[in-house]
Amino acid sequence: MTIQVDEDEQDPWTVLRIRGELDLVTSPLIRKRVHAAVAGGRHDVVLDLSAVRFCDSSGVGVLIAARRLMRSCGGRLRLILPARGAEEGAHVNRVLAALGVRRLFDVYADVPAAVEDEARPLSA
């Protein structure tokens with residue numbers, strides 16, 4: 001598997017730092033980790049995608065499903081995505097924008113910005 005996930009608690013947020021490729025093979029792991037957080041009563045999740053170097057349609061699907069799950073339980077989902085350049089996670093940002101779904105997500109520049117109560121998402 002070409003993905004690593006580290007979990008960190010920053011009350012009330014569960015931060016999942018994802019590194020590698022988000023694709024057909026690895027997407028079920030991310031879905032499972034998000035569901036495990038919700039099952040454990042943690043309804044505020046940050047997905048740090050800044051070290052994801054590749055994302056295909058199944059990866060986008062798992063992000064949309066995670067958003068739907070968080071909204072259904074009254075939770076919040078925030079994504080960490082570099083805006084541009086050679087940074088790895090910029091690929092995910094470009095894919096979401098190209099598919100017209102980038103606007104569905106609250107996107108932040110880094111984890112500290114995402115977990116602050118007063119934080120405002122980056123504009124699309």
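For the reader, a short list of remarks on this structure follows.
- Helix-only arithmetic for the chain: the sum of -39500 (n - 2.57) across DSSP H runs with n ≥ 4, divided by the residue total, places the mean residue ellipticity at 222 nm at -10500 deg cm²/dmol.
- Per the Debye formula on identical point scatterers at the alpha carbon atoms of the chain, with no solvent, log10 I(q)/I(0) at q = 0.19, 0.20 Å⁻¹ is -1.01, -1.13.
Quick note: the coordinates plus some simple rules give every number you see, no bench work behind them. Just so we're clear, the structure is a prediction, and the values are computed from it rather than from any experiment.
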